[in-house]
Amino acid sequence: MRAGFMEKPGKIYYTQSREPMIERDTDVKIQVKAAGICGSEVHAFHGKHPFRIPPVVSGHEFAGVVVETGKAVTKYKPGDRVTAEPQYGCGKCKACLSGRYNICGAKEVLGAGEWSGSFGEFVVVPEKTVVPLGEELSFEQGALIEPLAVGMHAVRQHQVGLEDTVLIIGAGTIGLGVLLCAKACNPKCVITADVSDYNLQKAKEIGSDYAINSQKENLEERVREITGGNGADVTFLAFGNAAVAETAARCTKRGGVISEIAVMPNGVGAPYGWIQNKEITLAGSNMYVYEDFETVVDAIRRRLISTEGFVTQRYPIEEIDKAMEMADKRPEPVIKVMLEF
């Protein structure tokens, strides 16, 4: 099959690779039509990801067409237009049994280990992970459901609603996804902060009420001004380091919530003084569950979420090296780089 193969850190190229085959009766084989490049694959390209380790056909944001099914599959047939949740848990641990398989310690993730990912022309996934697109959604929209589901999981986790003022720190792919999902819940106000004017302009275009460049303005002062001195009800960290975490705590209201979505290494200090004093709830948000995918699909169908302008660069799979260079070095403004088969 056609594939983008990450041979070792710093080396990725187009090649013909071994095509994954159906091995279980509940497997579904999908021909990939569009695949996004995630920041985690950029980390893997640099040899800095904990489980996306070269050599590997990586990739986990995709959409395509069912081409074959195992004999026990009942929900899908060849020709169906689908995406898939690129993870599944062990099914036996307490997390899985409670429906929180996204935090299963033994979960499998597409495009890591032996599970060949969506930088290949075909993927094989369990039936339970497959999400139908129907005829309304394009393959490109289908490939965006995964990053949007990351935001939807955090938004649903904290039940963002009509009376909430939401602060999003970081306006990259995940932060903009949080913005789209939060806006679908019609909150009172959404504030987005970043250091890139381009990304902030994107945030304004897709519905942020305020877009603040935190290098040019004092974010805490602006949030207090906007909220009448109260602070944000929910702050989503879509970018993170110690300084950003402290800013988030300063900007969040007393009794508010900080949702930590960004991948931060262990050892980064947390602003415990602010958290304790203001009784802030600090919560992690890890990937998503199936319902988040369904919610995003439904929101796109109902036009509560628009993906227009989200994809900024497109490359054929044969140019995987150029696509990765764009996603990595960003010689021009980038939101999402999409591969096409």
Discussion item. Looking at the range 263-277, can you tell me whether even one residue there is of a type in the set (A, V, I, L, M, F, W, C), surrounded by 14 or more Cβ atoms within 10 Å (Cβ to Cβ) and within 15 Å of Glu61 (Cβ to Cβ)?
Written reply: no
Practice prompt. Could you identify the single residue in Glu318, Glu279, Glu332, Glu294 that is of a type in the set (Asp, Glu) and in the same structural domain as Val178 (by TED's automatic domain parsing)?
Written response: Glu279
Item to complete: Out of Thr307, Thr312, report the one residue that is in a strand (DSSP E or B), surrounded by 14 or more Cβ atoms within 10 Å (Cβ to Cβ) and either of a type outside the set (A, V, I, L, M) or at pLDDT below 95 (or both).
Response: Thr312
Worksheet item: Where residues in the range 176-189 are within 24 Å of Gly228 (Cβ to Cβ) and not polar (S, T, N, Q), which of them is nearest to the chain's Cα centre (by Cα)?
Response: Val178
Item to complete: For Val82, work out the one condition from (1) surrounded by fewer than 13 Cβ atoms within 10 Å (Cβ to Cβ); (2) in contact with a Phe, Trp or Tyr (Cβ under 9 Å, 6 or more places away or on another chain) it doesn't fulfil.
Response: (1)
Practice prompt. Answer yes or no as to whether Gly36 is farther than 19 Å from Phe310 by Cβ and at pLDDT 95 or above.
Written response: no
Worksheet item: Got at least one residue in the range 68-86 being in contact with a Ser or Thr (Cβ under 6 Å, 6 or more places away or on another chain), free of Cβ contacts under 8 Å to residues at least 60 places away in the same chain and not in a loop (DSSP other than H, G, I, E, B)?
Response: yes
Practice prompt. Please indicate, with yes or no, whether at least one residue in the range 155-175 is over 30 Å from Gly228 (Cα atoms) and of a type outside the set (A, V, I, L, M, F, W, C).
Written response: no
Item to complete: Among residues belonging to the range 109-132 that are over 20 Å from the mean Cα position of the chain (by Cα) and in a strand (DSSP E or B), point out the one that is farthest from Leu339 (Cα to Cα).
Response: Pro126
Worksheet item: Mind checking whether some residue in the range 118-141 is buried (at least 24 other Cβ atoms within 10 Å of the Cβ), assigned by TED's automatic domain parsing to the domain that holds Val57 and of a type in the set (Ser, Thr, Tyr)?
Response: yes
Fill in: Check on Glu135, assigned to a loop (DSSP other than H, G, I, E, B), in contact with a strand residue (DSSP E or B) (Cβ under 8 Å, 6 or more places away or on another chain) and among the charged types (D, E, K, R)
yes
Discussion item. I'm trying to understand the selection: among the residues of the range 40-58, which are small (Gly, Ala, Ser) and within 17 Å of the chain's Cα centre (by Cα)?
Written reply: Ser40, Ala44, Ser58
Practice prompt. Restricting attention to the range 102-117, report how many residues are surrounded by fewer than 21 Cβ atoms within 10 Å (Cβ to Cβ), on the phi < 0 side of the Ramachandran plot and in contact with a Phe, Trp or Tyr (Cβ under 9 Å, 6 or more places away or on another chain).
Written response: 5
Practice prompt. Report yes if Ser118 is hydroxyl-bearing (Ser, Thr, Tyr) and touching an Asp or Glu at 6+ places or on another chain (Cβ under 9 Å), otherwise no.
Written response: yes
Discussion item. For a quick check of your reading of the model, give me the residue pairs whose first member lies in the range 93-107 and is within 17 Å of Ala149 (Cβ to Cβ) and touching a residue at least 60 places away in the same chain (Cβ under 8 Å), whose second is of a type in the set (Lys, Arg) and buried (at least 17 other Cβ atoms within 10 Å of the Cβ), with beta-carbon atoms closer than 8 Å and at least 6 apart or on different chains.
Written reply: Tyr101/Lys107
Item to complete: Please specify each residue of the range 250-268 satisfying the condition of being under 20 Å from Val160 (Cα atoms) and assigned to a loop (DSSP other than H, G, I, E, B).
Response: Ile261, Ala262
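The values are calculated or read from the model by the stated rules, or taken from the named source; none is laboratory data. This is a predicted model, so every value here is computed, not measured. Because the Cβ atoms are built from the backbone with ideal geometry, glycine has one as well, and the counts that use them run over all protein chains shown.
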